[in-house]
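Peer 1: Structure below; questions to follow.
The values are calculated or read from the model by the stated rules, or taken from the named source; none is laboratory data. All values reported here derive from a predicted model rather than from experimental measurement. Glycine gets a Cβ as well: all are built from the backbone with ideal geometry, and neighbour counts include every protein chain shown.
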């Protein structure tokens with residue numbers, strides 16, 4: 001068994017045990033964050049049946065996944081990195097989910113591009129939950145406007161996403177995100193990475209983004 005599969009199975013078991021302990025009946029989806037890893041490392045996971053993969057650069061995703069997606073319609077690709085306006089057209093073609101929408105301008109550009117190819121991308125809005133100057137993400141104060149816009153133009157807005165501040169206990173941020181998500185009546189929640197996904201799940205995260213715990217350290 002390939003080491004990436006072993007790692008994935010272990011993560012799934014840890015989640016199962018944790019949910020049992022908390023008596024929670026939820027089934028979070030694991031996004032295997034394959035950014036920077038070569039396709040050879042990813043293929044065993046695809047063969048094993050892993051469906052959701054995350055990339056954070058459009059060009060890399062196009063090069064790695066175009067052929068694979070042609071031959072495997074089950075694969076779902078998640079854009080989890082910052083998305084620049086000039087890359088939206090290519091992003092809409094290759095990705096199924098975009099987790100990093102943080103402005104009306106970007107939402108509108110996605111809307112325009114997906115109409116052209118008659119596709120509906122599933123959208124998460126990235127919230128700058130720690131109010132950090134250097135982080136992308138929309139501020140909590142502007143979130144209302146962006147949610148309203150997405151609903152108005154009928155974008156497939158499914159939930160909120162965050163990356164909490166580094167080196168701080170993420171729990172309060174996850175808790176706040178969960179409240180915001182519920183207030184907007186959104187179903188999905190994208191939060192939790194290799195270091196904190198169990199805490200994220202405790203606060204109702206439905207999509208966790210796990211890279212190094214599956215693939216090992218990035219070189």
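Peer 1: Give region 197-219 a look and list any residue that's in a loop (DSSP other than H, G, I, E, B) and either touching a strand residue (DSSP E or B) at 6+ places or on another chain (Cβ under 7 Å) or surrounded by fewer than 19 Cβ atoms within 10 Å (Cβ to Cβ) (or both), or say none.
Peer 2: Listed by number, the residues that qualify are 204, 205, 206, 211, 216, 217, 218, 219.
Peer 1: What is the residue count in region 172-210 for residues that are on the phi > 0 side of the Ramachandran plot and modelled with pLDDT under 95?
Peer 2: Total meeting the criteria: 0.
Peer 1: Please work out if residue 118 is touching a helix residue (DSSP H, G or I) at 6+ places or on another chain (Cβ under 8 Å) and surrounded by fewer than 16 Cβ atoms within 10 Å (Cβ to Cβ).
Peer 2: Here the answer is no, as residue 118 does not meet what is asked.
Peer 1: What strands (runs of 3 or more DSSP E), lying completely within region 1-104, carry at least 2 residues that are within 16 Å of residue 194 (Cα to Cα)?
Peer 2: Hits in region 1-104: 29-33, 52-55.
Peer 1: Select from region 179-196 the residues that are in a loop (DSSP other than H, G, I, E, B), touching a strand residue (DSSP E or B) at 6+ places or on another chain (Cβ under 9 Å) and closer than 11 Å to residue 160 by Cα and list them in ascending order.
Peer 2: Within region 179-196, 184, 186, 187, 191 qualify.
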